[in-house]
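Undergrad: Can you keep this structure in mind? I'll have questions shortly.
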Amino acid sequence: MVTAPPAPDLLALDRAAQDLLFRAARTATAFTTEPVDDAQVEAIHELVRYGPTALNAQPLRVLLLRSTAARERLLPYVSAGNREKTAGAPLVAVLAADVDWHEWLPKVFPHRPQARDWFAGDPAGREAQARFNAALQIGYLIVGVRAAGLAAGPMAGFDAPGVEREFFPDGRHRVLLLMNIGRPAGDAHRARLPRLDHAEVVRTL
């Protein structure tokens, strides 16, 4: 059980919600068989889509793998240490960045209709922005999964180019992360690793 710090609580979020999202939340390595349904996924998206990004860009694309056949297509590209937990998770999300995200700028950044043209001839710049903003969105997604009472198991151990060829043959997506999602099993968590203290992270000038 994670104990609350003794200092006065200066956060607007109540203690139970803080624990749900951060202190008591853990990366899961094993899950129960309880399914994660489409309504839960949609509710998570409806919450986390409000997280800030540069230019209000929203390059994150999420491919949900539910079926055994879809999972079997993924597993050859997953590192040996991640294969068993990926096979056993109720839901696996393939998280990718759309490098042609700028096409959506007229909708998501309407006060600057010329913004799409800023990136039209700059594929390298578009990809850099896609990766940066999608990474921000992935962080929000992890917190959103926790807000739904579920656990996330993000994984970087996989063959990204292979996954792109298998699931995104259009060439406009860069796979950044795989994420197992579900309710954690009893043995899902390792001991919590240390975090840096405030004084080790924050400076004031």
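The values are calculated or read from the model by the stated rules, or taken from the named source; none is laboratory data. Bear in mind the structure is a predicted one, so any value in this text is a computation, not a measurement. Counting neighbours? That spans all protein chains shown, and the Cβs are built from the backbone with ideal geometry, glycine included. Only protein heavy atoms, including side chains, enter the accessible area calculation; ligands, DNA and RNA are left aside. Shrake-Rupley method; radii C 1.70, N 1.55, O 1.52, S 1.80 Å.
Undergrad: Just to confirm, what accessible area per residue do you get for segment 33-78 at 1.4 Å probe, in whole Å²?
TA: 61
Undergrad: Next up: Multiply the residue gap between residue 104 and residue 190 by 0.36 nm, knock off their C-alpha separation, and tell me the result in nm, one decimal place.
TA: Value of the extension gain: 26.9 nm.
Undergrad: What does the accessible area of residue 71 come to, in Å² to the nearest 10, when a probe of 1.4 Å is used?
TA: Probe radius 1.4 Å; accessible area of residue 71 about 20 Å².
Undergrad: Right, another one. For a quick check: with amide H placed at 1.01 Å from N, whose amide H comes under 5 Å from residue 32's, ignoring anything fewer than 5 positions away on the same chain?
TA: Distant-sequence amide H within range of residue 32: 183, 185.
Undergrad: When the helices in the chain are scored as -39500 (n - 2.57) per DSSP H run of 4 or longer and the sum is shared across all residues, what 222 nm value do you end up with, to the nearest 500 deg cm²/dmol?
TA: Theoretical 222 nm ellipticity from helices: -10500 deg cm²/dmol.
Undergrad: Additional query: Eigenvalues of the Cα gyration tensor times 5, then square-rooted: what semi-axes does that give for the chain, in whole angstrom, largest first?
TA: Each semi-axis is the square root of five times an eigenvalue, giving 29, 25, 16 Å.
Undergrad: Taking a probe of 1.4 angstrom, what is the accessible area of residue 34 in Å², to the nearest 10?
TA: 90
Undergrad: Going by amide H atoms built from the backbone, whose H comes under 5 Å of the H on residue 176, apart from near neighbours?
TA: HN-HN under 5 Å from residue 176: 95, 96, 97.
Undergrad: Provide 86, 53 ordered by accessible surface of protein heavy atoms (probe 1.4 Å), highest first.
TA: Largest accessible area first, the list is 53, 86.
Undergrad: Next up: Taking the full set of protein chains and a 1.4 angstrom probe, give the accessible area of residue 49 in square angstrom, rounded to the nearest 10.
TA: 100
Undergrad: Between residue 205 and residue 54, what is the FRET efficiency for a Förster distance of 22 Å, r being their Cβ-Cβ separation, to the nearest 0.05?
TA: For R0 = 22 Å, the calculated efficiency reads 0.35.
Undergrad: According to a simple spin-label model (label point 7 Å from Cα along Cα-to-Cβ), what is the distance in nm between residue 40 and residue 170?
TA: 2.8
Undergrad: With label points built 7 Å along Cα→Cβ from the Cα atoms of residue 22 and residue 124, find their separation and express it in nm.
TA: Distance between label points: 3.8 nm.
Undergrad: Calculate the spin-label point distance for residue 159 paired with residue 80, positioning each point 7 Å from the Cα along the beta-carbon direction, and give it in nanometres.
TA: Using points 7 Å along Cα→Cβ, the separation is 1.5 nm.
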